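This report refers to the structure that appears directly beneath it.
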Amino acid sequence: MRLPILAALTLLVSAPLDAAESITAVPPAAGGAPGVRRLEDIERQEILAALKRHGGNRATTAAELGISLRTLYYRLDQYRSQGFDVGE
């Protein structure tokens with residue numbers, strides 16, 4: 001059974017730096033310290049990766065992440081408005 005996304009993100013954020021380095025590096029947000037990523041960026045990466053793993057199936061993606069389908073659609077709409085490719 002997979003952890004809900006919030007629990008997984010909490011573990012990730014609290015993980016030692018060497019464990020976090022295995023995740024794709026993302027440039028820090030404007031004014032952010034080098035090597036520090038925003039929680040929003042980590043969440044977006046995890047959601048989009050899960051969506052890709054499930055071939056765009058939103059119901060399965062939401063179930064894996066432990067979030068409601070409505071929340072997933074809301075996040076995808078946000079990412080789309082920010083210019084990220086979230087599929088159809």
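The numbers here are math on the coordinates, done by the rules we state, and not lab data. What you see is a predicted model, and the numbers here were worked out from it, not measured in a lab. Glycine also receives a Cβ, built like all others from the backbone with ideal geometry; neighbour counts cover every protein chain displayed.
Modelled spin labels at Ala33 and Arg53, positioned 7 Å past Cα toward Cβ, are 3.0 nm from each other. Stretching Phe84 away from Ser68 to a fully extended chain increases their span by 3.7 nm, per 0.36 nm per residue minus the current alpha-carbon distance. When you filter the chymotrypsin sites (Phe, Trp or Tyr not before Pro) in the range 44-88 for DSSP loop state and at most 13 other Cβ atoms inside 10 Å of their Cβ, you are left with Phe84.
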